[in-house]
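Since the structure comes first, as structure tokens, the remarks are kept for the end.
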Amino acid sequence: MNLLEESFAKAKSENRALLIGYLTAGFPNMQRCKSAIKAMIDGGVDVIEVGFPYSDPVMDGPVIQKASEQALLNGVGAKEVFEVVASSPVPTLVMSYWNPIERYGVNEFARELKSVAGCGVITPDLTIEESQDWIKATDETKLDRVYVVAPSTKDSRLSQVTRCCSGFVYAASLMGVTGTRTALSGEAQKLVSRVKEVSTTPVAVGLGVSNAQQANEIAQYADGVIVGSAFIKLLLEIEDETEANERLASLAKELAMAVRR
């Protein structure tokens, strides 16, 4: 059992969902990114998801796009992503579009991530049909592969994709891009139920989760709750590092309490 599996098992034993927090690598800058992650963890985030900034983020909404743009202006690339992962004391994954991984070298990326104690990678735009090299590389390095499923994913496709997943299945709560929302779609619960019919891998729900009420709602039926834009929004709004980190820790604490069923 790896660290990510242990985290899900521990959360289950405590009758709660796992809280996963996302932050773009190198945003607002490298030093503040690391201190922000520490604040999120201090507040109660169980697992960190480090975003690999990319110039064409098709799944990301305007908030995460702004963070990616800033990180790219800061010169953030694979080296910095690995540096952020290495600085995290909790189980940590990378969320990356396929192009940066392919450009870096599939085997090299997997080996380097493993060397800095990364747990796995979420690949939102990689199809299972194009995953042969990635499956081989992650099998060899024992990294978790996390694919994204959506409410539009057909049942036959759902079983195929979830068979390729390890660590957890990323269930997109709705059709669309990331971002905070005032209300969640009822499709999320249906999707999680459909995934659980064909897979025993934990299911974590992301896209649009921005407050404690939504986190609590998702924790009733999912194994994990993913929050990203809400954390980044605070960093975009608050320039002072101390104040921003206090707010990040406070939000994380609210969310951590909310995922306890």
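The values are calculated or read from the model by the stated rules, or taken from the named source; none is laboratory data. For clarity, every value in this text was computed on a predicted model and none was experimentally measured. Note: ideal-geometry Cβ built from the backbone for every residue, glycine included; neighbour counts use all protein chains shown.
State whether one or more residues within segment 92-113 are touching a residue at least 40 places away in the same chain (Cβ under 8 Å), over 14 Å from the mean Cα position of the chain (by Cα) and not in a helix (DSSP H, G or I). Checked against the condition, which is being touching a residue at least 40 places away in the same chain (Cβ under 8 Å), over 14 Å from the mean Cα position of the chain (by Cα) and not in a helix (DSSP H, G or I), segment 92-113 yields no hits at all. For P151, the criteria (1) surrounded by fewer than 18 Cβ atoms within 10 Å (Cβ to Cβ); (2) without any contact (Cβ under 8 Å) to a residue 40 or more places away in the chain; (3) in a loop (DSSP other than H, G, I, E, B) hold in every case but one, which is (2). Restricting attention to segment 143-150, does a residue exist that is out of contact with any Leu (no Cβ under 8 Å at 6 or more places or on another chain) and closer than 30 Å to E197 by Cα? Within segment 143-150 (the criterion being out of contact with any Leu (no Cβ under 8 Å at 6 or more places or on another chain) and closer than 30 Å to E197 by Cα), the answer is yes, since at least one residue qualifies.
Within segment 141-156, is even one residue of a type in the set (F, W, Y), at pLDDT 95 or above and closer than 23 Å to I20 by Cα? Yes, there is a match, as at least one residue in segment 141-156 is of a type in the set (F, W, Y), at pLDDT 95 or above and closer than 23 Å to I20 by Cα.
Could you tell me whether R163 is without any contact (Cβ under 8 Å) to a residue 12 or more places away in the chain and under 19 Å from V192 (Cβ atoms)? No: the conditions fail for R163. Return the residue satisfying two criteria in turn: it lies in segment 193-238 and is part of a loop (DSSP other than H, G, I, E, B) and among the hydroxyl-bearing types (S, T, Y), and of such residues it is nearest to the chain's Cα centre (by Cα). Among those that are part of a loop (DSSP other than H, G, I, E, B) and among the hydroxyl-bearing types (S, T, Y), it is S210. As for segment 106-120, it holds at least one residue that is small (G, A, S), within 17 Å of V203 (Cβ to Cβ) and crowded, with 16+ Cβ neighbours inside 10 Å. Against the list (1) surrounded by fewer than 17 Cβ atoms within 10 Å (Cβ to Cβ); (2) not in a helix (DSSP H, G or I), the condition D139 fails is (2). A single entry from A172, A204, A219 fulfils the requirement of being farther than 18 Å from I64 by Cβ, in contact with a strand residue (DSSP E or B) (Cβ under 7 Å, 6 or more places away or on another chain) and either modelled with pLDDT under 95 or among the hydrophobic types (A, V, I, L, M, F, W, C) (or both): A219. Determine, yes or no, whether V161 is in a helix (DSSP H, G or I), touching a strand residue (DSSP E or B) at 6+ places or on another chain (Cβ under 8 Å) and either of a type in the set (G, A, S) or closer than 25 Å to M1 by Cβ (or both). Answer is yes for this residue. Just so you know, in segment 39-74 the residues that are without any contact (Cβ under 8 Å) to a residue 40 or more places away in the chain and either part of a helix (DSSP H, G or I) or small (G, A, S) (or both) include one that is surrounded by the most Cβ atoms within 10 Å (Cβ to Cβ), and it is Q65. Identify all residues within segment 13-38 that are of a type in the set (A, V, I, L, M) and crowded, with 23+ Cβ neighbours inside 10 Å; write none if there are none. Once the filter is applied, which keeps residues that are of a type in the set (A, V, I, L, M) and crowded, with 23+ Cβ neighbours inside 10 Å, segment 13-38 yields A17, L18, L19, I20, L23, A25, A36, I37. For segment 247-261, enumerate the residues that are buried (at least 16 other Cβ atoms within 10 Å of the Cβ) and over 21 Å from S7 (Cα atoms). The answer is R247, L248.
Hey, any hits in segment 116-123 for a residue that's modelled with pLDDT under 95, assigned to a loop (DSSP other than H, G, I, E, B) and either touching a His at 6+ places or on another chain (Cβ under 6 Å) or hydroxyl-bearing (S, T, Y) (or both)? No: segment 116-123 contains no residue that is modelled with pLDDT under 95, assigned to a loop (DSSP other than H, G, I, E, B) and either touching a His at 6+ places or on another chain (Cβ under 6 Å) or hydroxyl-bearing (S, T, Y) (or both).
Consider segment 202-240 and keep the residues that are crowded, with 21+ Cβ neighbours inside 10 Å and of a type in the set (V, I, T). The one that is farthest from E6 (Cα to Cα) is I232.
Evaluate the following for V90: is it surrounded by fewer than 24 Cβ atoms within 10 Å (Cβ to Cβ), under 27 Å from M257 (Cβ atoms) and out of contact with any Pro (no Cβ under 6 Å at 6 or more places or on another chain)? I'd like the intermediate steps shown before the answer.
Working: surrounded by fewer than 24 Cβ atoms within 10 Å (Cβ to Cβ): yes; under 27 Å from M257 (Cβ atoms): yes; out of contact with any Pro (no Cβ under 6 Å at 6 or more places or on another chain): yes.
Here the answer is yes, as V90 does meet what is asked.
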